[in-house]
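Contents: one structure, followed by commentary.
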Amino acid sequence: GDGYLLAPSILSADFGRLGEEVERVVEAGCELVHIDVMDNHYVPNLTIGPLVCAAIRPRTRATLDVHLMVRPVDALVPLFAKAGADIVSFHPEASEHPDRSLALIREQGCRAGLALNPATPLAHLDHVMDRLDLILVMSVNPGFGGQSFIPSAFEKIAEVRRRIDRHRERTGHAIRLEVDGGIKPDNIRAVADAGADIFVAGSAIFGAADADGGYRGVVGRMRA
Ligand code: DX5
Ligand code: ZN
């Protein structure tokens, strides 16, 4: 529907030809490219640093959506800003001072997001709504692609949607609601109905290439 954005997670792309993979999902109509940054500390996996983000930047004009799963947070923010990130999100538990980290992201010229794990209370949103451009609700525990959507996320998405709408009524400030983990053609409608407007999908997109190597087929099914 209108205003719904797809954010393929390159975690499930073929890293041997990452530039092409990025071009192909954008050609297929995806608006964002989701970059999962893991540090073998905050999460038990090690993935993408600022060098790889900088290598992707000249391959596309799509929004680069950097999801930091790292602790500490602040030292990496300027590095990803310089590497061309448009959005930088982090997990509040991983920052000593989330309000400061959010301000830093905007000072660096990026849009700022908070990422909430399945068991992270929404109280982390209190007092920082004005600093947020995006709230990322995790529907899996962070660390790996290809996990199953955790059903308790539906209620959480709906509650975050209510908070975002209330905040917009009071202040006029609009915040995007992104959902990340286990999204597939057969559950994306339900995630949208719960209130999401940005949909991350890794394995469901990169695991379903068309015969020509493109992603128009699966992207069409995600939007159906
Ligand atoms: C999980 C990552 C997600 C995830 C998405 O830690 O943040 O972006 O890999 O992949 P799928 O869609 O395969 O769950
Ligand atoms: Zn992610």
Examine the range 175-189 for a residue that is out of contact with any helix residue (DSSP H, G or I) (no Cβ under 7 Å at 6 or more places or on another chain), of a type in the set (A, V, I, L, M), modelled with pLDDT of 95 or more and within 15 Å of ligand 2 (Cβ to nearest atom), and state whether such a residue exists. no
List the number of the failed condition for ARG170; all other conditions in (1) more than 25 Å from PHE90 (Cα to Cα); (2) of a type in the set (D, E, K, R); (3) buried (at least 16 other Cβ atoms within 10 Å of the Cβ) hold. (3)
Cβ pairs under 7 Å, 6+ apart, first in the range 210-224 and loosely packed, with under 15 Cβ neighbours inside 10 Å, second outside any loop (DSSP other than H, G, I, E, B) and not polar (S, T, N, Q): ASP210/ARG216; ASP210/GLY217; GLY213/ARG24
In the range 113-152, which residues are within 16 Å of ligand 2 (Cβ to nearest atom) and on the phi > 0 side of the Ramachandran plot? GLY143, GLY146
Note on the range 7-29: residues within 13 Å of the chain's Cα centre (by Cα) and surrounded by 23 or more Cβ atoms within 10 Å (Cβ to Cβ) are ALA7, PRO8, SER9, ILE10
With the condition being in contact with a Cys (Cβ under 7 Å, 6 or more places away or on another chain), I'd like the helices (runs of 4 or more DSSP H) fully within the range 1-88 carrying at least 2 qualifying residues. 76-82
So ARG57, is it surrounded by 15 or more Cβ atoms within 10 Å (Cβ to Cβ), within 21 Å of GLY214 (Cα to Cα) and among the charged types (D, E, K, R): yes
Collect the residues in the range 30-47 that are away from ligand 1 (no atom under 11 Å from the Cβ) and surrounded by fewer than 20 Cβ atoms within 10 Å (Cβ to Cβ), keeping them in residue-number order. GLU31, ASP39, ASN40, HIS41, LEU46
Go through the residues of the range 81-95 one by one and say whether even a single one is modelled with pLDDT of 95 or more, of a type in the set (Phe, Trp, Tyr), buried (at least 20 other Cβ atoms within 10 Å of the Cβ) and within 12 Å of ligand 2 (Cβ to nearest atom). yes
Limited to the range 108-125, what total is found for residues that are among the aliphatic types (A, V, I, L, M), within 22 Å of GLY143 (Cβ to Cβ) and without any contact (Cβ under 8 Å) to a residue 12 or more places away in the chain? 1
I'm told VAL179 meets every condition in (1) within 12 Å of ALA7 (Cα to Cα); (2) surrounded by fewer than 20 Cβ atoms within 10 Å (Cβ to Cβ) except one. Can you identify the failing condition by its number? (2)
Test: ARG131 is of a type in the set (D, E, K, R), touching a residue at least 12 places away in the same chain (Cβ under 8 Å) and more than 11 Å from ligand 1 (Cβ to nearest atom): yes
Does ALA103 satisfy being touching a residue at least 24 places away in the same chain (Cβ under 8 Å), within 23 Å of VAL160 (Cα to Cα), part of a strand (DSSP E or B) and out of contact with any Phe, Trp or Tyr (no Cβ under 7 Å at 6 or more places or on another chain)? no
So LEU102 clears everything in (1) within 17 Å of the chain's Cα centre (by Cα); (2) within 20 Å of GLY49 (Cα to Cα); (3) surrounded by fewer than 18 Cβ atoms within 10 Å (Cβ to Cβ) except one condition, right? Which one? (3)
Which of the residues that make up the range 153-169 are among the basic types (Lys, Arg) and away from ligand 1 (no atom under 16 Å from the Cβ)? ARG161, ARG162, ARG163, ARG166, ARG168
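The values are calculated or read from the model by the stated rules, or taken from the named source; none is laboratory data. As the structure is a computational prediction, the values presented were derived from the model and not from experiment. Reconstructed Cβ throughout: ideal geometry from the backbone, glycine too, with neighbour counts over all protein chains shown.
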